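The values are calculated or read from the model by the stated rules, or taken from the named source; none is laboratory data. No experiment lies behind these values; they were computed from the predicted model shown. Please note: Cβ atoms are built from the backbone with ideal geometry, for glycine as well, and neighbour counts cover all protein chains shown.
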């Protein structure tokens, strides 16, 4: 914003992020992705395309997987957000995190937080049973290293443990 | 993003009156398309009116049909038991679009109001009559692989990107809207416009009106239907050509045929003559090919997208065959039956 313009309106919002209440005052154009990374230092959620095309910024809002780069944070006042930092419990990796290690389901790792949050959403939805269905319902997460077969295997392992 | 004001609407009437007071404002629900367009400065609202928390998120039965609130999330609609059983073509079309994350965010009303993904519409350094009336159309002589072959004009060859709307066109849904002049109902097939010489207008919704619901009539074609989508990759891509079909059969004879195409025009494309040519006919590839020829008689390619004419012809025949056999396209197994 240029100095000549009025100070932008900043709005108070409250979010529950990984089990912690967070009260913030933000500009209305702040995306949830930028809020997590720049305001809360939760840099596990990655900025890939910033256009809703790659899935690297996937987080869970009220248990459902969404794209945080196309979510304006002000529209989610009062919501619960889970990021990759919130999946491990009591120092123990989430079954999906362990499965991604077991199956070598990444190479560079940049898409991995989004893949894992997306897979957590997928398992909660309970719609995918077969490998075809996993592939289809994970298609919003691009992996340019091409770890897809291992990602599917990792998700199948975690799914088996939770069912 | 360019700065803007933000306010929540406390109810539908408040949303409408806030819009009347700020004509350069936009409503925001899921935001999946609007926020994207704001980031590249194609959309520059002075204010966002947040309607996402309004109570328009129910799916209700209405004398055999369904009234779908404008804020029902795409996934919630696709997985709704009444939609899965009575309108499986609608479920299938929704699941063929976008990704699960986007479907979890996107509203039904917002899906109707999606803007074209024509690359020139998004690129501020190129000419686009839809973005800037009178500027010209860089797509006509440009990279137009994804562009329209039917209903185009000298001003615009953009396509409407929705999958859901293609199914809604077959189901003959209606769109309930409200605004300062009261409520009205627009047939889905009249909702989107052809570009003509006003490509800046995608729909017949007025700028100060708000979609409140989409209603689908009882006839759901739950036995003989399909949604076949052909695209450059197996999932998470816009259609080159898609076909939604609903058939009513009497033995092997076609009582009623409806089909619509996506990815080929500025709106979901139906052709009454092609549909009428099928009624009373035996379900056969020859009859389907004739119907396809009627649809594509006036099709026009622009170079990169000329292949779509043949692709559409074959997709129509394949989709009608799938529907007639009762073997609808699966959206997870990508094998085309």
Self-check item: Meets criteria (under 10 Å from the mean Cα position of the chain (by Cα), outside any strand (DSSP E or B) and within 14 Å of chain B (Cβ to nearest Cβ)) for residue A:9
Solution: no
Quiz item: In segment B:194-234, how many are under 30 Å from residue A:134 (Cβ atoms) and free of Cβ contacts under 8 Å to residues at least 60 places away in the same chain?
Solution: 3
Quiz item: Of the residues B:201, B:233, which is modelled with pLDDT of 95 or more and assigned to a loop (DSSP other than H, G, I, E, B)?
Solution: B:201
Self-check item: Selection status of residue B:53, touching a strand residue (DSSP E or B) at 6+ places or on another chain (Cβ under 7 Å), within 14 Å of another protein chain (Cβ to nearest Cβ) and over 22 Å from residue B:200 (Cα atoms)
Solution: yes
Quiz item: Inside segment B:245-275, can you point out the residues that are loosely packed, with under 14 Cβ neighbours inside 10 Å and touching a helix residue (DSSP H, G or I) at 6+ places or on another chain (Cβ under 9 Å)?
Solution: B:252, B:273
Quiz prompt | Failed condition for residue A:19, given (1) modelled with pLDDT under 95; (2) in contact with a strand residue (DSSP E or B) (Cβ under 9 Å, 6 or more places away or on another chain) | solution = (1)
Quiz item: Which one of the conditions (1) within 9 Å of chain A (Cβ to nearest Cβ); (2) more than 27 Å from residue B:84 (Cβ to Cβ) does residue B:42 fail to meet, given that it meets all the rest?
Solution: (1)
Quiz item: Among the candidates B:208, B:190, which residue alone is outside the structural domain of residue B:311 (by TED's automatic domain parsing), surrounded by fewer than 21 Cβ atoms within 10 Å (Cβ to Cβ) and either part of a loop (DSSP other than H, G, I, E, B) or touching a strand residue (DSSP E or B) at 6+ places or on another chain (Cβ under 6 Å) (or both)?
Solution: B:208
Self-check item: Residue, nearest to the other protein chains (Cβ to nearest Cβ), within segment A:33-44, restricted to residues that are under 11 Å from residue A:83 (Cα atoms) and touching a residue at least 12 places away in the same chain (Cβ under 8 Å)
Solution: A:33
Quiz item: Condition test on residue A:114, is it at negative phi, touching a strand residue (DSSP E or B) at 6+ places or on another chain (Cβ under 6 Å) and surrounded by 15 or more Cβ atoms within 10 Å (Cβ to Cβ)?
Solution: yes
Quiz item: Out of all the residues in segment B:22-32, is one or more touching a residue at least 40 places away in the same chain (Cβ under 8 Å), assigned to a strand (DSSP E or B), in contact with a strand residue (DSSP E or B) (Cβ under 8 Å, 6 or more places away or on another chain) and crowded, with 18+ Cβ neighbours inside 10 Å?
Solution: yes
Quiz item: If we keep just the residues of segment B:64-79 that are surrounded by fewer than 20 Cβ atoms within 10 Å (Cβ to Cβ) and in a loop (DSSP other than H, G, I, E, B), which is farthest from the other protein chains (Cβ to nearest Cβ)?
Solution: B:64
Quiz prompt | Enumerated helices (runs of 4 or more DSSP H) restricted to segment B:80-123, each holding at least 1 residues that are closer than 14 Å to residue B:163 by Cα and more than 14 Å from chain A (Cβ to nearest Cβ) | solution = B:88-95, B:108-112
Practice problem: Would you mention how many residues in segment A:13-32 are over 14 Å from residue A:50 (Cα atoms) and either within 11 Å of chain B (Cβ to nearest Cβ) or within 17 Å of the chain's Cα centre (by Cα) (or both)? | Solution: 10
Quiz item: On the given criteria, is residue B:61 surrounded by fewer than 21 Cβ atoms within 10 Å (Cβ to Cβ) and touching a strand residue (DSSP E or B) at 6+ places or on another chain (Cβ under 9 Å)?
Solution: yes
